[in-house]
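Note sheet for the following structure.
What follows is calculated from the coordinates using simple rules that are stated; it is not laboratory data. This structure is a prediction, so every number in the text was calculated from the model and none was measured. Don't worry about glycine lacking a Cβ; one is built from the backbone with ideal geometry, like all the others, and counts go over all protein chains shown.
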There are 2 protein chains.
Amino acid sequence: MDGVPFVFVRRGDLVESVHRVAACAVDVRGTVVYELGDIDAPVYLRSAAKPFIAAAVVESGAAARFGFGARELATMAASHNGEPAHVDVARGMLERIGLDVSALGCGAHPPSYEPAAAALAASGRQPTALHNNCSGKHAGILAMCVHLGLDPAGYLALDHPVQTRILAFCARAIDADPASLPVGVDGCGIPVFAAPLRAAALAFARFATLDGLAPGDARALERVRAAMAAEPFFVGGSERFDSALIEVTGGRIVCKAGAEGVHGDALLREGLGLALKVTDGGAGRAVPPAAVALLTSLGALEPAEREALGTFAAPVVRNVAGRIVGRIEAGLSPGADTREPAGTSYGCA
Amino acid sequence: MDGVPFVFVRRGDLVESVHRVAACAVDVRGTVVYELGDIDAPVYLRSAAKPFIAAAVVESGAAARFGFGARELATMAASHNGEPAHVDVARGMLERIGLDVSALGCGAHPPSYEPAAAALAASGRQPTALHNNCSGKHAGILAMCVHLGLDPAGYLALDHPVQTRILAFCARAIDADPASLPVGVDGCGIPVFAAPLRAAALAFARFATLDGLAPGDARALERVRAAMAAEPFFVGGSERFDSALIEVTGGRIVCKAGAEGVHGDALLREGLGLALKVTDGGAGRAVPPAAVALLTSLGALEPAEREALGTFAAPVVRNVAGRIVGRIEAGLSPGADTREPAGTSYGCA
């Protein structure tokens, strides 16, 4: 599993660090329209699989049973910031299904969004599992358990029937035998499967077109896609690339990031799916410029949209004192982009 | 600037992410005894240059003038955690030279060591430039300004005489013409030069042997080396790889990390210098296992020492709930190390 140099971190006149990227774009027939690096090696999709997990919840009937609307569905598909609105939605979902935070197996971590973490700390309260960026997904899986009459206890286990059903849904989306999928454990405890970028891109092409799917699966994915497009804040939150990309394109691109440098994009206008992996896992700084560069090369982003995504497309590197000392660029070779949008701070250590 | 796959992040049965590493070990004659990847491309040494910057301060006479002892010299060479003891040393250095925190140009950031950052936040106090991991280096450079009768104002500028003198010292250590060195701006604002790993390794071989240097430079480097060996806590701090490696080897290896995946090692017993760069900049998780693997392959670490460095050598990957879900291994191919030392947590997002 290795890629091709694609994201260049410049300091002064030199390229200081290089992130290699593997990527694949396919149409709904599986025809590869773009490839970079190894697109046939298995990649854990991590949270990029969440839209499909959320759709499995919808397909089960649980979302209709408990009256989940767009915010709930978007939060089920989210890696959210743990901002108060995200926490409220996840808590509300648990209330509707008659459970509380103690049912969540994802573990507690401080809100991913620093101002939300600081506000929580200042309030003297501790982070709970509701602040976990995966709390919406877990609440959705618990809803599916309750709806299907399955014991919510042990819902994290690979052999729990709810996970079997979710994995089957995901396997249908990527056209694979579920028994053939390598499975690991995700950061939040649930099973996480691996698929080649070629297959992940196909799943996102189907998410974009709703073609090539069983009718129930297509309807479920359509509801999740509409929810993510309608409520992009609940897919991520403040200052998050996924939320910005969905919002800037008016939902013409619906996307989801995963840990360790994964990104999946449904290109509705082009009828394409894109899947990429920063092979070193450097998600925070490398995924947004890589995704924007690939989407631009696929003709999926208008110039004004790329401009509106400037801070994600070509971040500057600032030092501790705020001085611009470098920039991050994506492309097959280091370019000469001289714009200076707002950027990211890095220290020395 | 690219490397060879060397650090493998495993999850379940798969390699999830790969960090490429370039590395070079040389003896004091510059003979390459080990190489990996491109060793002739320029690499910003970042904080790995600090022992040489500290030695430039010593060589100027400033350290003797102001009575700096081992803790001060180690802190000048440090990327410290901002723990109270580190802050006290940096503050004390400024007091001895008649300046205060306002003279530091490095900018403020919270202590790098999370418990120290939490304690500072709980106290209601704000981080200052003294907490910056580079505050000792900056205090040392200010001492050099005062000692040489140079205006401390503007000491960050490349054309300030103190920087010219420091760059000349570093250039002598790596056997380069200072005018030929690419220079950028470091995270803390001071000029940072780039050198091929081959040259960086030579500088660390000289640091190990004190051969091939002008007498004054050798004496200064010897004092810094002795200080780092005597006070490893002040080179980094609690739970820091550099401090642990120096301590575990009883100062037989004196090392310094730099941002963006750089590490330099003086191997006193072997008379070698090692320099490595994780080419994607993934310093936090990739440098310690890479450095331990390379030092082991060079015969520089005894088995018991490697064992004592277990959490740095082969960290496990834990999820948010603390469950072991993977491991990090270094080597030319993924191995089958089945030990389970304490590890690092990663979430999903």
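Can you list the distances in nanometres, one decimal and ascending, from the residue B:151 label point to the identical position in each other copy, with the point 7 Å along Cα to Cβ?
In ascending order, 7.7 nm.
Output the peptides B:195-205, B:62-72 sorted from most to least packed, where packing is the average of other Cβ atoms within 10 Å over each peptide's residues.
B:195-205, B:62-72
Relative to the longest principal axis of the C-alpha atoms of chain B, give the angle of the C-alpha long axis of helix B:161-174, reported between 0 and 90° and rounded to the nearest 10°.
Orientation of helix B:161-174: about 40 degrees from the principal axis.
Suppose you put the label 7 Å out from Cα in the Cβ direction; list, shortest first and in nm with one decimal, how far residue A:238 is from each other copy's label.
Sorted ascending, the copy-to-copy spacings read 3.0 nm.
Can you figure out the FRET efficiency of residue B:238 with residue A:323, using R₀ = 45 Å and their beta-carbon distance, to the nearest 0.05?
The computed FRET efficiency comes out at 0.90.
Distances in nm, one decimal, shortest first, from residue A:122 to the same residue in every other copy, taking the label point 7 angstrom along Cα→Cβ.
For residue A:122, the other copies' label points sit at 2.0 nm, shortest first.
Based on alpha-carbon positions alone, could you give the equivalent ellipsoid semi-axes of the protein assembly as shown from the gyration tensor, as √(5λ), descending, whole Å?
Semi-axes from the Cα gyration tensor: 47, 25, 24 Å.
Which one, B:231, B:35, B:302, has the greatest fluctuation when you compute a Gaussian network model over chain B with C-alpha springs under 10 angstrom?
Maximum among the listed residues: B:302.
The stretch A:268-335 to the stretch B:74-150: how many Å between their Cα centroids?
With the stretch A:268-335 and the stretch B:74-150 each reduced to a Cα centre, they are spaced 35 Å.
Mean-square fluctuation check for chain B, GNM, Cα pairs under 10 Å: which of B:314, B:230, B:77 is largest?
B:230
Let me spell out the model: positive unit charges on the Cβ of Lys and Arg, negative unit charges on the Cβ of Asp and Glu, origin at the Cα centre of the stretch A:1-149. What dipole size does that give, in debye rounded to 20?
It works out to roughly 360 debye.
Pairing the Cα long axis of helix A:50-59 with the longest principal axis of chain A, what angle in degrees results, from 0 to 90 and rounded to the nearest 10?
20 degrees
Rounded, prolate or oblate: which fits chain A, taking a ≥ b ≥ c as square roots of the Cα gyration tensor eigenvalues, rounded meaning a/c under 1.5, else prolate when a/b beats b/c?
Verdict is oblate for chain A.
Gaussian network model of chain B, Cα springs within a sub-10 Å range: biggest mean-square fluctuation belongs to which of B:332, B:268, B:309?
Of B:332, B:268, B:309, the most mobile in the Gaussian network model is B:332.
With both partners inside the protein assembly as shown, how many of the DSSP beta bridges are antiparallel, as a percent to the nearest 5?
Of the beta bridges lying entirely in the protein assembly as shown, close to 95 percent run antiparallel.
Looking for one value pair here: nearest-to-axis residue in chain B (by Cβ) for the rotation onto A, and the distance in whole angstrom.
B:280, 2
So what's the gap between the Cα centers of the stretch B:179-199 and the stretch A:201-223, to the nearest angstrom?
51 Å
Lysine pairs in the protein assembly as shown with alpha-carbon atoms under 15 Å apart, 8 or more places apart or on different chains: how many are there?
8
Per the helix-only calculation at 222 nm, which mean residue ellipticity applies to the protein assembly as shown, given -39500 (n - 2.57) for every DSSP H run of n ≥ 4 and division by its residues, nearest 500 deg cm²/dmol?
Rounded to the nearest 500, the figure is -11500 deg cm²/dmol.
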